[in-house]
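Worksheet: the structure to be examined is printed underneath.
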2 protein chains.
Amino acid sequence: MTTAPVVSTRTTQRRGRPRDDRLDATIVNATIAEVGAKGWGGATIEGIAARAGVGRGTIYRRWPSKTELFQYAAAAVTRPVEAPDTGSFVDDLFSAVLPIADMLTQPDLAALLPSLLAEAANDASIRQTLRTFVARSRQQAIEAVERARRRGDIVQSTDAETLVDMLAGALVYRRLLLGETTDAAAVRVLVRQAVQSCSTSEAIEENS
Amino acid sequence: MTTAPVVSTRTTQRRGRPRDDRLDATIVNATIAEVGAKGWGGATIEGIAARAGVGRGTIYRRWPSKTELFQYAAAAVTRPVEAPDTGSFVDDLFSAVLPIADMLTQPDLAALLPSLLAEAANDASIRQTLRTFVARSRQQAIEAVERARRRGDIVQSTDAETLVDMLAGALVYRRLLLGETTDAAAVRVLVRQAVQSCSTSEAIEENS
């Protein structure tokens, strides 16, 4: 069974030493396919190596353990596109949240989430992978709120974590509990609602 | 292994004909314990009957199939307390959303959710149970938004579903992805933020 690649060469990260980005992307995609087929607990380095067409040593030279490979793969998959500083809170937040919605729309990735959650309940290293995945996926949105706060666009006491919980939460809840994806237009509706919840009255008047 | 009862006699529903509410509650609790032990797919009427200390016939006379029993149990567990019409949008929404947070705080129930999600992906009847569960858990919050709309407390174009997705979503996202529960004080913070996102300016001034 083959799976369309989820991660392209461009989206892999560099560490300190030179890496073969294309090989890294191949291994990340093999990891996703292996986890999709066997679950997080059942996936093995042997299986990933076979899917990637490389030896086990090639993987172990890069990542000393399955946990580290999983965390690298989670980070590669969730690395947001460079979110621009547009000077508009709505636009910044939209750019930061859209990749989360897009990720949840990809069937291969969305299909991994329920089993990841089920296995994370019983396995600390899978839980750690999940936390890495979640923290990366929300980072740009948190930064967009902080920039808006510094500009004075939002009420100074606004809690960035709560605001991002509501946005990312709505997307995850729709996908997992309602079975619905959220397209770009619907992401914009969500973001406008969230922005409205914390904008200073001057900013609301400018936007309306 | 015994499990503390999740559902008390009071929280079961009546259908058209007379029921033994205490027996219904016993069977619902046995269902939750069985699913917790064997998963949704592995749970059997035999196992539930044994845990409840009743014969299979007693269960089949009430629910003709496992799916119907699961849906009844999901509805019993998620039936919100009677949410009062206080005339205040913040208070109504708080009363409607708090039971969702409380449900996610109960370890027995919260532990069922990831496996329910994982199994729902591959089983239409489990998916149907999940939809029943979700629809019931959000119903009071949707009604609170509609009452606020009729009173003119919120912008008339406010989308109740989106607002409730953000609130319920934040709670589910925190529990499943961040591993955090939300206490009553934090639910109030969330609700205030959501109310702020759609209040008419008159209502905002009254509240501040």
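The values are calculated or read from the model by the stated rules, or taken from the named source; none is laboratory data. What you are looking at is a predicted structure, and each value in this text was computed from that prediction instead of being measured. So basically every Cβ, Gly included, is an ideal-geometry build from the backbone, and we count neighbours across all protein chains shown. Just the protein is used for accessible areas: all its heavy atoms, side chains included, with ligands, DNA and RNA removed. Shrake-Rupley method; radii C 1.70, N 1.55, O 1.52, S 1.80 Å.
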Where the centre of each part is set by its Cα atoms, how far does segment A:124-201 sit from segment B:75-149, in angstrom? 21 Å
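Per residue and in cubic angstrom, what volume does the convex hull of the Cα atoms of the protein assembly as shown have? Intermediate results must be reported in sequence, preceding the final value.
Values: hull volume 63.7 nm³, N = 416.
About 153 Å³ per residue, rounded to a whole number.
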Which residue fluctuates most in the GNM of chain A (Cα springs below 10 Å): A:Thr162, A:Thr78, A:Thr182? A:Thr162
Segment B:23-52 to segment A:17-47: how many Å between their Cα centroids? 38 Å
Copies of B:Glu146 compared via label points 7 Å along Cα→Cβ give distances in nm, shortest first, of 4.3
What residue among B:Ala124, B:Ala101, B:Ala83 shows peak mean-square fluctuation when chain B is described by a Gaussian network model with Cα springs under 10 Å? B:Ala124
Please give the calculated 222 nm ellipticity per residue for chain B, where each DSSP H segment of at least 4 residues contributes -39500 (n - 2.57) and the sum is spread over every residue; nearest 500 deg cm²/dmol? -22500 deg cm²/dmol
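Can you sort A:Trp40, B:Trp63 by solvent-accessible area, 1.4 Å probe, largest first?
Values: A:Trp40 25, B:Trp63 0 Å².
In descending accessible area the options line up as A:Trp40, B:Trp63.
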Considering only the label points, 7 Å along Cα→Cβ from Cα, what distances in nm to one decimal separate B:Thr86 from the same position in each other copy, shortest first? 3.7
Taking the chain alone as reference and the full protein assembly as comparison, with a 1.4 Å probe on protein heavy atoms only, the residues of segment A:145-166 that lose at least 30 Å² of accessible area are A:Thr162, A:Asp165, A:Met166
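Given Cα pairs under 8 Å that are at least 6 residues apart, what percent is the relative contact order of chain A?
Values: 211 pairs, mean separation 42.2, N = 208.
Dividing the mean separation by the residue count of chain A yields 20 percent.
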The protein assembly as shown, accessible surface, carbon-and-sulfur percent (1.4 angstrom probe): 50 percent
Under a no-solvent Debye model with one identical scatterer per Cα of segment A:81-207, what's log10 I(q)/I(0) at q = 0.10, 0.18, 0.20, 0.22 Å⁻¹? -0.33, -0.95, -1.12, -1.28
At 1.4 Å probe size, with no ligands or nucleic acids counted, give the accessible surface of A:Ile142 in Å², nearest ten. 20 Å²
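Under the definition of partner shielding as Cβ atoms of other protein chains within 10 Å of a residue Cβ, what is the mean value for peptide B:171-183?
6
Give the A-B buried accessible area in Å², both sides summed, 1.4 Å probe, nearest 100.
On the way: alone 10750 and 10760 Å², together 18670 Å².
So the buried area, both faces added, is about 2800 Å².
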Just read off the accessible area of B:Leu23 with the full protein assembly in place, 1.4 Å probe, to the nearest 10 Å². 40 Å²
Qualifying lysines (Cα of each under 22 Å from Cα of A:Lys66; at least 8 residues distant if same chain): A:Lys38
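Can you pull the mean other chain C-beta count within 10 Å for peptide B:120-132? Before the final figure, lay out each step's value.
On the way: counts 4, 7, 2, 0, 0, 0, 0, 1, 0, 0, 4, 3, 0.
Per-residue shielding by partner chains comes out at 2.
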List the distances, in nm and shortest first, from the label point of B:Asp123 to the matching label points in every other copy, placing each point 7 Å from Cα along the Cα-to-Cβ direction. 2.1
Express in Å², to the nearest 10, the accessible area of A:Ile59 obtained by rolling a 1.4 Å probe over the protein heavy atoms while all chains stay in place. 0 Å²
